[in-house]
Amino acid sequence: MGNYVSSHLNANSEKRGKKRDVSDVQPEEEKVQEQNFQTPKRRKLKSTTKYIYQTLFLNGENSDVTIIAMGREWPLHKVYLCQCGYFASMFSGSWRESEQSVINMDIPDDNIDEEALKIAFGSLYRDDVSIKPANVVSALAAATLLQLEGLICQCAEIMKETISAKTACWYYGAAQMYGQQGVAKKSIQWLEKHVMTMQTTTLLREISIDLMKLLVSSPNLYVMQVEMDVYTMLKKWMFLLCTPTWSGSSKQVAEEADSYFRSTEPPTVYFLETEKGQQYVEAFQCLRFQHLVNDITSTQVLERDRIVPESWLYPWYKCQWHHMLKMEQGLDLGPKDIGDEIFYQTAVRYGRVLKTEKEYCWRWTGYHFGVDLLVTFTNGLLILKRNTYSQECQSSISLQAKRHLAFRVTVSSFDTLGHTEYVKSSGIKYLSLGKDEETVVLVLDRHVTFPLCISLNILYFTPNMDMIRKAQAAMNFDAASLVRSTDSVETASQTGSTSSSNSSIHRDTEEEEEIQGTADNAQGTGLAPNGQQSAPNAGV
């Protein structure tokens, strides 16, 4: 023992001048013991939920009930199945199935397939469920049948996040079928913003009549460019539904639609008056005809197409003539506090896409009751100007000191799926402009990305709601009373009505140049940044 102490002291004397370290005095054996008590590194254990899913659901171990569905046997467990309302009620009370170990399950919904059932049953054995967009509607159908609220909510969220041109109509139909109003609303909002710019034959064919009625009548529809373009879209849509076997490009469909409807026989009958056209009447009644008849080119197209009966248009001509006379005689200087509902029902809708960040200046075509409205975008500012003397204008100009306008402008940008990345709206505003007066109506944020979609709702006059309602009522009455059956059409043909096929009419070269658009090929009449006027454009 003495030897140990002396040797220890000698060792310490050699280390004088150095700070003592705990390790210097800790016996080596204690270090080894501490290392032995440290927790060794282990492989990550499989989580309980993964183990349950693999062992009980996929392998079917210790199953106490077998579900036979979709031509397959599912070895499952009542304690897990009781999490959903469908089986909870089945296994409770005096139902026969509560005592059975083998149950034949009827699947009345054609949207449910084997993969959907696997997702639904599997969700009872694990917390996290992975669902591909291609399977989400069938999974929603299965979850609705089994009353799995958690899975229903997850499917709804996936649908909202994956709405696109390929899924919007599909999701809307499924949402209506399974009571998912949030998904239906999101789908409609997506279509309102993109249906006018993505008019592919596939997308148009997928739009149901009821859905098209909602879109055409919506004040939130992003119209590109003018109201007449909504009519043109409806015409192509109706042609594609009437000719399900027709195949061609999106560029060809417009010409084919013109030829198809202009050859309606007999020539005294309009397509919406025929038996084949009856189902589309309500969709066309949603058009804002008061703004279609304001442009001579549009009225000529309506006459040539022979889709809309002339009797529909006469009340709208009268209505707009009344509005024009009131403004011409100074009895109406424009809308003031007309109410949101009336504004959304009667305002004309315009739109345009700004592809890159630069200065733009344009006007939309049509008769605007003496207001030549110029729209300018520069440095993130959207400006409205009542042009009177500063720029040449081909239409008549009001020289009244003040003109009142009601408007709402919305600017949006979208990601690759068409989901909104940026949106800013002015809300409904009332504006009073003097001659050549301009005002900034919207200031965009600096981080905004292009392309930008501009949507403008605007009223130049105070709407006479009595006349508008009479025009709508006359159109509805005419649609109900003038629909001709196939027998009456044949009778008219046999009594001497001459059948003729009108060829597709194209605008002549001068008219094409007149509506060609701005120097950057954007639609709508353009004014270059230097103030030089370019040719007016009637839109697509």
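A few remarks follow.
- Hz values of 3J(HN,Hα) by residue in the stretch 167-182 - Karplus curve (6.51, -1.76, 1.60), Gly and Pro given as x: 10, 4, 5, 4, 5, 4, x, 5, 5, 5, 5, 10, x, 9, 5, x
- For the stretch 340-461, average projected area of the Cα convex hull in nm²: 7.9 nm²
- Under the Karplus curve 6.51 cos²θ - 1.76 cosθ + 1.60, θ = phi - 60°, whole-Hz ³J(HN,Hα) for the stretch 399-410, x wherever Gly or Pro sits: 9, 5, 4, 9, 10, 9, 10, 10, 8, 9, 10, 10
- A simple spin-label model places the labels of VAL448 and MET324 3.5 nm from each other, with each point 7 Å out along Cα-to-Cβ.
- The accessible area of LYS358, taken with all protein chains in place and a 1.4 Å probe, comes to roughly 90 Å².
- Ranked order, GLU149, GLU192, GLU357 - accessible area, probe 1.4 Å, largest first: GLU357, GLU149, GLU192
- Accessible surface of the stretch 47-162 [probe 1.4 Å, protein heavy atoms]: carbon and sulfur percent: 47 percent
- Cα-Cα over 32 Å, subset of LYS236/LYS470; LYS78/LYS132; LYS326/LYS358; LYS185/LYS236; LYS185/LYS318: LYS326/LYS358; LYS185/LYS318
- Per-residue extension of 0.36 nm, minus the Cα-Cα distance of GLN394 and THR200, leaves a gain of 66.4 nm for this segment.
- Taking every Cα-Cα distance in the stretch 286-325 and sorting them into 10 Å bins from zero, the calculated P(r) comes out as 29, 61, 10 percent.
- For ASP372, the residues 5 or more places off, or on other chains, whose built amide H falls under 5 Å of its own are ASN387, SER398.
- Distance between the modelled labels on LYS470 and GLN100, one decimal in nanometres: 6.8 nm (7 Å Cα→Cβ projection).
- Contact order for the stretch 47-162, expressed relative to its length and based on alpha carbon pairs under 8 Å spaced 6+ residues apart, stands at 25 percent.
- Charge tally around GLU192: other residues with Cβ under 11 Å, Lys/Arg +1 each, Asp/Glu -1 each, net +4.
- Computed over all pairs of different Cα atoms, the Kirkwood value for the hydrodynamic radius of the stretch 242-389 is 18.7 Å.
- Residues CYS153, CYS169 ordered from highest to lowest accessible area at a 1.4 Å probe: CYS153, CYS169.
- Nonlocal amide H pairs with TRP74, under 5 Å, H built at 1.01 Å: ILE67, ILE68, ALA69
- A 1.4 Å probe, protein heavy atoms only, puts the accessible area of ASP110 near 150 Å².
- The H on the amide N of THR462, modeled in the peptide plane, is under 5 Å from the matching H of GLY334, each at least 5 residues off or on a different chain.
- Residue by residue, the stretch 89-98 carries 3J(HN,Hα) couplings of 6, 5, 8, 9, x, 9, 5, 4, 5, 5 Hz when phi is fed to the Karplus relation 6.51 cos²θ - 1.76 cosθ + 1.60 (θ = phi - 60°); x denotes Gly or Pro.
- THR201 accessible area, assembled protein chains, probe 1.4 Å, Å²: 20 Å²
- ARG469, ARG352, ranked by accessible area, largest first (probe 1.4 Å): ARG469, ARG352
- Per residue solvent-accessible surface (Å²) - the stretch 47-162, probe of 1.4 Å: 52 Å²
- Full extension of the chain between ALA401 and ILE428 yields a length gain of 7.4 nm, computed as 0.36 nm times the residue separation minus the alpha carbon distance.
The values are calculated or read from the model by the stated rules, or taken from the named source; none is laboratory data. Since the model is a prediction, treat every value here as computed from it, not as a measurement. Neighbour counts run over all protein chains shown; Cβ positions are idealised from the backbone, glycine included. Please note that ligands, DNA and RNA were not included when accessible areas were found on the heavy atoms of the full protein model with its side chains. Shrake-Rupley method; radii C 1.70, N 1.55, O 1.52, S 1.80 Å.
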